[in-house]
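Down below is the structure, laid out as structure tokens.
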Amino acid sequence: SMISRVILLALLLHQTGHALSLAPISWRGGRALSTTVQPRHVSPTLLAKKKGGGGKKKKGGKGGKQSGFAWASSFELKPWESSALREIAVLGCRTFQTRTGKPLHPALADAADVPKALWTLPVACVIVGHPTEAASSDAQLPAADDAAEVAAADSTAAASEAVYVYANLAAIEALGFADWQSAIGAPSALPEEMSKKYESGYSKKAGLRPVTLLDASRWVLEKAAVEGGKLVTSRVGLCYAWSEWQDEDGFVCEPGGKRRTPDPTPEELAAAIEEKGAEVRRLKEEEGLGNKDPQVQEAVAALLSLKAAAEELEKSPA
């Protein structure tokens, strides 16, 4: 019936948030001509709660997203990517080959990217100089974080103190730095001047935890440029390279965390040979043991090993 339909419509509108206003209904021929449907008033507080959802917030919202500008400003070039450090790395390798007639390491001979190869080379390499062209803005050297560090940096610059303008991974390990940002730009314990153009067999203490460079090579870096129509050579710095260093405990270290006891000196070997020879004589003369006795055989084997080491040391270059 018509009345049942109206009641059903009212129930449906109530569930959907509307109310049925039973305005005067005109009837004609048993049919309703008009009914007025009006929105039911809903409290603004309830609407606000519905819009808020009341559910869990999605993870990774706008608060955790970094803007493009912030990402770009935090981007940092690696030492082998900076044009200034790439240039000085190439200059160091090229100058070494010019001075010695051979590459600093066989891996550099056919390297397509010399600065990148030098960065991971199992040979420690640093360049000591002043933060002028080598420490340009492109190099992105670590900046001071507070006023005290800024003042210290200004004082260093004013005193024109020599710093490490380049250091590869092996050198960072050897000198005790945490990373390249703390190494490049740090004051250098190694001299920046020498009278020769090239020197080998160099030894010197350096580093945050003082270590001794063993059999290091060092050479002068110079850069040629045309100024006022003339070819002018300017000094860039002094490059150092070494494969081994001795730590405070006396161990000989190599890149990659390798450590071993140091090789004995000729004097130490001579003393050990004399001591072992005396032991062999004591076993025979005092204890009456023969050459076939295990104790004598063991002592003789140790004596022969020491003598072989002494001969090998004599043959090796100084």
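The values are calculated or read from the model by the stated rules, or taken from the named source; none is laboratory data. These numbers were taken from a predicted model, which means no experiment stands behind them. In case anyone asks, the SASA skips ligands and DNA or RNA and just uses the protein heavy atoms, side chains included. Shrake-Rupley method; radii C 1.70, N 1.55, O 1.52, S 1.80 Å.
Descriptive notes on the structure:
- Close amide H partners of Gly237, meaning residues 5 or more places away or on another chain with modelled amide H under 5 Å apart, are Leu221.
- Using a probe of 1.4 angstrom and keeping all protein chains present, the accessible surface of the stretch 166-318 works out to 60 square angstrom per residue.
- In the stretch 224-318, the alpha-carbon atoms span a convex hull of 168 Å³ per residue.
- With all protein chains modelled, accessible area of Glu227 [1.4 Å, Å²]: 110 Å²
- Taking the C-alpha atoms of the stretch 165-210, convex hull volume expressed per residue in Å³: 91 Å³
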